[in-house]
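The values are calculated or read from the model by the stated rules, or taken from the named source; none is laboratory data. Since the structure is predicted, the reported quantities are computational estimates derived from the model, not experimental observations. All Cβ positions, glycine included, derive from the backbone under ideal geometry; neighbour counts span all protein chains shown. Accessible surface areas use protein heavy atoms only, side chains included; no ligands, DNA or RNA. Shrake-Rupley method; radii C 1.70, N 1.55, O 1.52, S 1.80 Å.
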Amino acid sequence: MFAITDLVTMFRRGAVKAPRELNAAKVAWTTPARDGSVFRKRSLMKNVTPRQASFQEDQNPQIMRARLSQWRIAFASIVGTMLEWYDFTIYNTMAALIFGRLFFPSAQPRVGMILAFSTYAVGYVSRPVGAVVFGWIGDRYGRRTVLVFALTLMGACTASIAVLPTFESIGIVAPLGLSIVRFLQGLALGGEWAGAVLIATEHGSAHRQGRNSSWAQMGPAAGILLATFVIGGVGIFMPDRAFLSWGWRVPFALSAFLMVFGLWVRRAVPETPVFAKSRHEAGAPPLVEVLRKHKAALAIASSSRIGTDVLYSLLLIFSISYITQFLDMPRSVALGCTLTGSACELVAIPVFGSLIDRIGCRKVYAGGILAGSLITLAFFPVFGMKLPLAIFGLTAIGTVSHAAMYAAQGTFITNQFPSTVRYTGSSLAYTLGSLAGGSAFAPLIMSSIVGGWTGTWGITLYVMVTLAVTAAGIVAAGHRTPSEQS
């Protein structure tokens, strides 16, 4: 269908001399180019109306395949991070509600919760190892290769928790087995995120980089929503005794279906044009290259993760245990809080992704940091009111501010590195940022602080400091030009 810009261009070139001649236009299509794009040619033919030309364009098999390919790339980008956060949400919820009793029954309730969150942190500790290994594979052998293998390993680990015996059955081996599974998941996740972002941005155009990189960032919100619905459904239709006995295993087992769907989508996605162009330019090992020539970029990119993740941990992870164990409110309030925040973030991320393409990555990031700081100051006073609507409202606003930072994160991090080391550099920045700022251990840190002498103000200060570090990184980045894209 003709757009206004197309008509203006045709008038300027003299191809259209009168509105009457618009009826003579017909769209003809050439064969696809090597990079998968399709080029249009316009010619003047008689007796063809604009409606007929538009219909022919919409029904052209090559155009339909190109549109399908774009949707497949988007789903390939989303599905890995969706599975990641589906698993993390299930695990975080179970850690806050019952894992302390199932895997650490000899500890006090609060100590058991802390120990359960510590196994959550194990998955973050192993991420840098996965970033190095899978980053090297991604920079040398292709983004698609890593994405298929990482998704398989991650899905298999998540499903294996469904059949893991508890402390009552095998004693101390149970928490050790849980820690090993979390470690293997961390290896897979260390190489997942960068590949999910790059598969979308390197297949797209540079002026749509913000929108394309936001696809992968939509995965966490989608995974959290799906996991919350599954947990809520299991909890509603199952008595508490059955849920504690075997019902908690059902959400983990269902992750196998999400893994199979993700593999079907990703196996059909071609390698990115950027990697095909740069694969013959490889020099030193990617890790050596990053540490030797891109140390400043690594530090700047890592800093962007710190405050973002800690704020998220406060809003949608620690809040579950705070609502149920410290405020002694029903579990439904905690799940409703998660649903509200995730739904708002899922809608807000693509909006901010498009805004990035208009006004720039750093401006959107800075706005999210400012709003997140205000939400942090209001968090405990509002939650202390014990009003569900007030809690849901603050969570919604907070997750929208997080969405602004999260939507910009993919573009900001990947733009710090050239294509030859982009996978390794982005993966390292993504994982090291979590460890350096303590965001990997944020739920554990917050659970420990809240019972100390500082109380809730200690948590508020902790989150504010990490947001300040992220703001410093955004300022230090200056006006760095984006690395080459397709």
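Check whether at least one residue in region 238-256 is open to solvent by 30 Å² or more (accessible area, probe 1.4 Å), under 25 Å from the mean Cα position of the chain (by Cα), closer than 30 Å to Gly478 by Cβ and of a type in the set (Gly, Ala, Ser), and report yes or no.
no
Only one residue in Thr456, Thr414, Thr466, Thr470 is within 15 Å of Ser302 (Cα to Cα) and at pLDDT below 90. Which one? Talk me through it step by step, then tell me what you get.
Numbers: Thr456 fails: within 15 Å of Ser302 (Cα to Cα); Thr466 fails: at pLDDT below 90; Thr470 fails: at pLDDT below 90.
The unique qualifying residue is Thr414.
Looking at region 258-277, is at least one residue part of a helix (DSSP H, G or I), of a type in the set (A, V, I, L, M), within 30 Å of Arg331 (Cα to Cα) and at pLDDT 80 or above? Walk me through how you get there before you give the answer.
Applying the first criterion (part of a helix (DSSP H, G or I)) to region 258-277 yields 258-267, 273-277.
Then drop every residue that is not of a type in the set (A, V, I, L, M), which leaves 258-260, 263, 265, 274, 276.
Among the residues that remain, those that are also within 30 Å of Arg331 (Cα to Cα) are: 258-259.
Remaining after also requiring at pLDDT 80 or above: 258-259.
The answer is yes, given that some residue of region 258-277 is part of a helix (DSSP H, G or I), of a type in the set (A, V, I, L, M), within 30 Å of Arg331 (Cα to Cα) and at pLDDT 80 or above.
Being touching a Pro at 6+ places or on another chain (Cβ under 8 Å), buried (at least 20 other Cβ atoms within 10 Å of the Cβ) and either at pLDDT 85 or above or not aromatic (Phe, Trp, Tyr) (or both): is that true of Ser313 here? Steps first, please.
Numbers: touching a Pro at 6+ places or on another chain (Cβ under 8 Å): yes; buried (at least 20 other Cβ atoms within 10 Å of the Cβ): yes; either at pLDDT 85 or above or not aromatic (Phe, Trp, Tyr) (or both): yes.
Considered against the rule, which asks whether it is touching a Pro at 6+ places or on another chain (Cβ under 8 Å), buried (at least 20 other Cβ atoms within 10 Å of the Cβ) and either at pLDDT 85 or above or not aromatic (Phe, Trp, Tyr) (or both), Ser313 comes out as yes.
Could you tell me whether region 220-230 includes any residue that is part of a helix (DSSP H, G or I), over 30 Å from Ser354 (Cα atoms) and touching a residue at least 40 places away in the same chain (Cβ under 8 Å)? Break it down stepwise before answering.
Our first condition is that a residue be part of a helix (DSSP H, G or I); within region 220-230, this holds for 220-230.
Next, from what is left, pick out any that are over 30 Å from Ser354 (Cα atoms): 230.
Okay, now just the ones that are also touching a residue at least 40 places away in the same chain (Cβ under 8 Å), so 230.
For region 220-230, residues part of a helix (DSSP H, G or I), over 30 Å from Ser354 (Cα atoms) and touching a residue at least 40 places away in the same chain (Cβ under 8 Å): present.
Quick check: is even one residue across region 104-117 modelled with pLDDT of 65 or more and closer than 17 Å to Leu178 by Cα? Write out each step before concluding.
If we filter region 104-117 for residues that are modelled with pLDDT of 65 or more, which is where we start, we get 104-105.
If we keep only those that are closer than 17 Å to Leu178 by Cα too, we end up with 104-105.
Yes; the residues of region 104-117 include at least one that is modelled with pLDDT of 65 or more and closer than 17 Å to Leu178 by Cα.
What are the pairs, 6+ residues apart or on separate chains, where a residue within region 279-292 that is at pLDDT below 85 has its Cβ under 7 Å from a residue that is open to solvent by less than 70 Å² (accessible area, probe 1.4 Å) and basic (Lys, Arg)?
Ala282/Arg140
Considering only region 75-88, state which residues are over 14 Å from Gly155 (Cα atoms) and open to solvent by 10 Å² or more (accessible area, probe 1.4 Å).
Here is the first cut: in region 75-88, the ones over 14 Å from Gly155 (Cα atoms) are 75-78.
If the condition is that a residue be over 14 Å from Gly155 (Cα atoms) and open to solvent by 10 Å² or more (accessible area, probe 1.4 Å), then Phe75, Ile78 are the ones that fit.
Of all residues in region 150-172 being surrounded by fewer than 16 Cβ atoms within 10 Å (Cβ to Cβ) and hydrophobic (A, V, I, L, M, F, W, C), which is nearest to Val250 (Cα to Cα)?
In this case the residue turns out to be Val163.
Would it be correct to say that Gly177 is part of a helix (DSSP H, G or I) and under 13 Å from Ser126 (Cα atoms)?
Working: part of a helix (DSSP H, G or I): yes; under 13 Å from Ser126 (Cα atoms): no.
No: the conditions fail for Gly177.
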